[in-house]
Amino acid sequence: MHPDDLLLEDIVRREGRLSDGQLAAAKQQQQERTNEFGESPALSAVLIDLGLITEEDCCAWVAQELGLPLEDLTSRRVAGEALGLITREQAKSYGVMPVEAKGVGRLRIVAGNPLDLTALDELGHVLGLDLEVSMAPPSQISAAIDRHYGGGEDEVGFDEQPEGDAPGFASAEDEATDEPVIRTLQSIMREAVRMEASDIHLEPLERRFRLRYRVDGQLREMEGPPKRLQLPLISRVKIMADLSIAEKRLPQDGRIQLRVEDKAIDLRVSTVPTAHGESVVMRILDAEGLKPDLAELGLDAEDAATLRQLTGLSDGMVLVTGPTGSGKTTTLYSCLHEINRPDRKIITVEDPVEYQLSGVNQVPVRSEVGLSFAAALRAMLRQAPNVVMVGEIRDRETAEIAINASLTGHLVFSTLHTNDAPSAVNRLIDLGWPPFLVASALRATVAQRLVRRVCRHCSQDVVPSAAEKAVFTAAGIKKLALVRGEGCPECLGTGYRGRVALFEFFVVSPEIERMIHDHAGLLALRKCARETGMRTLRDDGLRKAAQGVTTLDEVLAATVAESPSNLSV
């Protein structure tokens, strides 16, 4: 909502300036004009367009309500001293007109929207001046800027900075609301959504501003914006994410919610200062693209049955392990979706809540107010849940509460960062928990990795080489249906489109529980699990490659082979 909407609505209702029907029609028009990025026009603009009020009336009402002087800029002349304190681009960007320099460090300006305090504070910070504000209609301000500074388009181009020239950053922050900057950022976001990218990377280098998308786990460099737009683009992102554009020395995190191509998109924004400016990464969370269903994970019938058996337990702990970006959250959401019934209370604690799950109580971590994973989990257990999900076990305190919860009648799901499934046992012990408690609490760990799928639009059958046959034969796989993508517009020439997960299930059987209790080592645990049917990540990957889901190259790059020493103790 625009800063003046509530005030203007209050004025017209209180003063009887418009009927309820007229106001309702205007607000309906305002909603209908909301664009794909969730931006709508100000209520004042809609009322003026509908001919229900004039710009002058609106300005006079707001000025009177705020107790601000009302200016008439139609014939007013401004001294050059005041004009010299603000550039034309700054005046246009912020919608203000300087009218009087009032001694050292003070400037009187006329604003079309004095309620936009963020913009006015930002302008004062950029100029290093204290601002005195009066008010005039925006059209008068625009005409006065053209009259005093000279007409013409803003000088914000799209050409690259000539090599050897110093980048012109003098007014970059002030251009953050200019149309070329907004259009460029919208284009970047639309292209990322079209390519189904998971991340947008804006990276300042010495002589250029690099743009990269992460598509199917791989970074792809695109044609970047011109270097001269580096600061205004970054400032625009920070404004949208409600971050401080004045703070460039420390990392910041924020969030943007918008609609792109009729899709609801969440962007998790992270900024980090680098040698050549702030690097920005926007993680794209497509709520409409999330499919929390076990059938969508790429599990075969046997693994799907094992996971359903685990989700049907009444207590204990189930852990999903893997590096960042391996799909652990999606797997956890799929488990919760499987058991989300009216007779079960499910509570999660996440940092942050990535997707909204209907019927699930989701608690976001807020460290700044003391709501850590441990504090949230402790409070959650007083809500009498049946199922608890902890986004990540990071420390001993969180592990302690989670394990105690699993031992007192709760089914607990969480994640750990380990290389394989059996290693989760050692990780919990390293966090300070005695083996006998780990043995009693842990029901299973599931390791996973993501590999790229072969593009179905350009896949071609391939004849395996002798070396490839040997790899599959060693894994006991004889039937091969290998394929490879030739590259097409659908997969952007890569031969891959989308990703599929590889899984490794380490189920704690009575024998493994006894071994954990007796302080057995990792190799002994892995050997016992293998002897009782556990397939490794590589085993699962080779099966999927043999079925034509992915390629052998992808599997070998994402998994580690078991050496003979790993199979003996």
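The values are calculated or read from the model by the stated rules, or taken from the named source; none is laboratory data. Keep in mind that what you see is a predicted model, and the values were worked out from it rather than measured. Please note: Cβ atoms are built from the backbone with ideal geometry, for glycine as well, and neighbour counts cover all protein chains shown. Note: accessible area is taken over every heavy atom of the protein model, side chains too, but ligands, DNA and RNA are not part of it. Shrake-Rupley method; radii C 1.70, N 1.55, O 1.52, S 1.80 Å.
Observations
- Scanning segment 271-284 for residues that are buried (at least 19 other Cβ atoms within 10 Å of the Cβ) and either on the phi > 0 side of the Ramachandran plot or among the β-branched types (Val, Ile, Thr) (or both) gives Thr271, Gly277, Val280, Ile284.
- Matching residues, segment 235-270, being part of a loop (DSSP other than H, G, I, E, B), closer than 23 Å to Gln356 by Cα and open to solvent by 60 Å² or more (accessible area, probe 1.4 Å): Asp242, Glu261, Asp262
Here's the yes/no breakdown for (1) surrounded by 15 or more Cβ atoms within 10 Å (Cβ to Cβ); (2) closer than 18 Å to Glu392 by Cα; (3) acidic (Asp, Glu):
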position	(1), (2), (3)
Arg308	no, no, no
Val320	yes, yes, no
Lys328	yes, yes, no
Tyr333	yes, yes, no
His337	yes, no, no
Asp343	no, no, yes
Gln362	yes, yes, no
Phe373	yes, yes, no
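- Residue that is farthest from Gly316 (Cα to Cα) [pool: residues in segment 510-532 that are open to solvent by 80 Å² or more (accessible area, probe 1.4 Å) and free of Cβ contacts under 8 Å to residues at least 12 places away in the same chain]: Glu531
- Selection count, segment 473-494, where residues are under 18 Å from Val215 (Cβ atoms) and outside any loop (DSSP other than H, G, I, E, B): 4
The rows are residues; the columns are (1) hydroxyl-bearing (Ser, Thr, Tyr); (2) open to solvent by less than 60 Å² (accessible area, probe 1.4 Å); (3) modelled with pLDDT under 90.
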{"position": "His457", "(1), (2), (3)": "no, no, no"}
{"position": "Asp461", "(1), (2), (3)": "no, no, no"}
{"position": "Glu468", "(1), (2), (3)": "no, yes, no"}
{"position": "Thr473", "(1), (2), (3)": "yes, no, no"}
{"position": "Ala481", "(1), (2), (3)": "no, yes, no"}
{"position": "Leu492", "(1), (2), (3)": "no, yes, yes"}
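- Where strands (runs of 3 or more DSSP E) fall entirely within segment 386-465, those with at least 3 residues that are within 31 Å of the chain's Cα centre (by Cα), at negative phi and touching a residue at least 40 places away in the same chain (Cβ under 8 Å) are at 387-390, 411-416, 442-454.
- Members of segment 320-372 found to be assigned to a helix (DSSP H, G or I) and either in contact with an Asp or Glu (Cβ under 7 Å, 6 or more places away or on another chain) or modelled with pLDDT under 85 (or both), listed by number: Thr329, Ser334, His337, Ser367, Glu368, Val369
- Residues satisfying the stated conditions in segment 329-374, i.e. free of Cβ contacts under 8 Å to residues at least 12 places away in the same chain and within 17 Å of the chain's Cα centre (by Cα): Val353, Arg366
- Looking only at segment 65-77, and only at residues there that are of a type outside the set (D, E, K, R) and open to solvent by less than 60 Å² (accessible area, probe 1.4 Å), the one that is farthest from the chain's Cα centre (by Cα): Leu73
- Cβ-Cβ under 8 Å pairs, at least 6 apart or on other chains, segment 61-88 side touching a residue at least 24 places away in the same chain (Cβ under 8 Å), far side acidic (Asp, Glu) and crowded, with 18+ Cβ neighbours inside 10 Å: Val62/Asp4; Thr87/Asp174
- Within segment 188-210, residues that are modelled with pLDDT under 90 have Cβ atoms under 6 Å from residues that are charged (D, E, K, R) and part of a loop (DSSP other than H, G, I, E, B) in these pairs: Val193/Glu261, counting only partners at least 6 apart in sequence or on another chain.
- Among residues of segment 378-390, those that are in contact with a helix residue (DSSP H, G or I) (Cβ under 7 Å, 6 or more places away or on another chain), farther than 17 Å from Leu431 by Cα and open to solvent by less than 20 Å² (accessible area, probe 1.4 Å), counted: 3
- Residues that are touching a helix residue (DSSP H, G or I) at 6+ places or on another chain (Cβ under 7 Å) and over 24 Å from Ser326 (Cα atoms) within segment 503-522 comprise Glu511, Ile512, Glu513, Met515, Ile516, His517, His519, listed in sequence order.
- Residue count, segment 78-130 (criterion: exposed (fewer than 14 other Cβ atoms within 10 Å of the Cβ) and under 40 Å from the mean Cα position of the chain (by Cα)): 6
- Among the residues of segment 533-553, at least one is open to solvent by 20 Å² or more (accessible area, probe 1.4 Å), among the polar types (S, T, N, Q) and closer than 18 Å to Leu299 by Cβ.
- Of the set (1) open to solvent by less than 90 Å² (accessible area, probe 1.4 Å); (2) hydrophobic (A, V, I, L, M, F, W, C); (3) over 21 Å from Trp433 (Cβ atoms), all apply to Val507 but (3).
- Residues satisfying the stated conditions in segment 49-64, i.e. open to solvent by less than 60 Å² (accessible area, probe 1.4 Å) and in a helix (DSSP H, G or I): Glu55, Cys58, Cys59, Ala60, Trp61, Val62, Ala63
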